[in-house]
Each structure stands twice: as C-alpha cells, then as structure tokens.
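So the structure is just underneath, and the comments pick up after that.
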Amino acid sequence: MKGGAISFNLSKQTEATLAHHLQAIAQEDVDAILSDYTESSVIFTPDGPVRGLDQLRTMFTGMLTNMPHFAEGFYILRRDCEDEIAYIVWKKDNVFPLGTDTLIVRNGKIVAQTFAAYMPS
C-alpha cells in the first residue's frame, strides 16, 4: 500500500469521527459524545485540561445544560481533515462569534482536542 492510500484512509476515519461527534452534540446526547473519547482522552481548554471520561462528562453535561439547543444557530465556517487531525472553525449566533476545535483522532477515537472560543461580554 502506498503512503497516499494510508493517509486517505486515516483522513476518512478522522472525518467520520468528526461527523459523529458533531451529530452527537447537535442531538445533545452526552453518552454519544463520550463514545468518541477514551479514558485517556484530553481536551485543552482556556480553563485548563479536561481529562478522562468522568471530567469530560461533567464538562459536556454542563455545556449542554447552560446552552440548551446548542445546535441552533451553530455554523461551521471551515472544516478540514488530514490524516489524524480534524480542524473546525465555527460560530454560534452572537453567543460565540468565533470558535475553533482541533481534534487528534486515532482508531476512531478523539485522543486529544483543543477548544477555544470568543464570547463577548
């Protein structure tokens, strides 16, 4: 198999994981969201790292509780996948005029992610 074929397959797997992740968030299904992670996954946030399924559950439950119907007014401005890396730039109405996530996906699971968003006062 040539290197290009391996890269293409990794990109397809990364895209599929990203698609599932975004769909799970749109459906506000915390269990489905967490199925994209492992116990050793970490999300780097402006408030510091969030590690493991218990902390991730707390973070996503809080996010969806504080912002019900998160998918309403949520728009992806840019979406790129290459090998194990997915990158999105997004906005949510006027609440978050700019947000970005970078995900590292291995074997169909998000092993590391960065998150940042601008939220005006």
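Read the figures in this text as sums done on the coordinates, not as results from a lab. All values reported here derive from a predicted model rather than from experimental measurement. A quick note on method: Cβ atoms are made from the backbone with ideal geometry, for glycine too, and the neighbour counts reach across all protein chains shown.
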Next on the checklist: Only bridges whose two residues both fall in segment 3-118 count here: according to DSSP, what percent of them are antiparallel, nearest 5?
Outcome noted: 90 percent
Checklist entry - What residues from segment 73-98 fall in the zone where the backbone N is under 19 Å from a label point 7 Å along the Cα-to-C-beta line of Tyr118? => result 74-79, 88-98
Next on the checklist: Apply the Karplus curve 6.51 cos²θ - 1.76 cosθ + 1.60, θ = phi - 60°, to the phi angles in segment 90-104 and return the couplings in whole Hz, x for Gly and Pro.
Outcome noted: 8, 9, 10, 6, 8, 5, 10, x, 8, x, 8, 9, 10, 10, 10
Checklist outcome for this item: About its Cα centre, the chain carries a charge dipole, from +1 on Lys and Arg Cβ atoms and -1 on Asp and Glu Cβ atoms, whose size in debye to the nearest 20 is 260 debye
Checklist entry - Roughly how many Å is it from the Cα centre of segment 95-121 to that of segment 75-89, as a whole number? => result 10 Å
Checklist outcome for this item: Note on the chain: contact order normalised by length, alpha-carbon pairs under 8 Å, 6 or more apart, percent, works out to 27 percent
Checklist entry - Hey, got a sec? Which trypsin sites (Lys or Arg not before Pro) in segment 1-109 land in a DSSP loop and have at most 13 other Cβ atoms within 10 Å? => result Lys2
Checklist outcome for this item: Loop-resident GluC sites (Glu not before Pro) in segment 28-87 with no more than 15 other Cβ atoms inside 10 Å, DSSP not H/G/I/E/B, are Glu72
Checklist entry - Fewest to most neighbouring Cβ within 10 Å: what's the order for Thr65, Thr38? => result Thr65, Thr38
Checklist outcome for this item: Helix 52-66 sits off the longest principal axis of the Cα atoms of the chain, rounded to the nearest 10 on a 0 to 90 degree scale, by 40 degrees
Checklist outcome for this item: Counting only residues 5 or more apart in sequence or on a different chain, those whose built amide H sits under 5 Å from that of Asp83 are Ser11
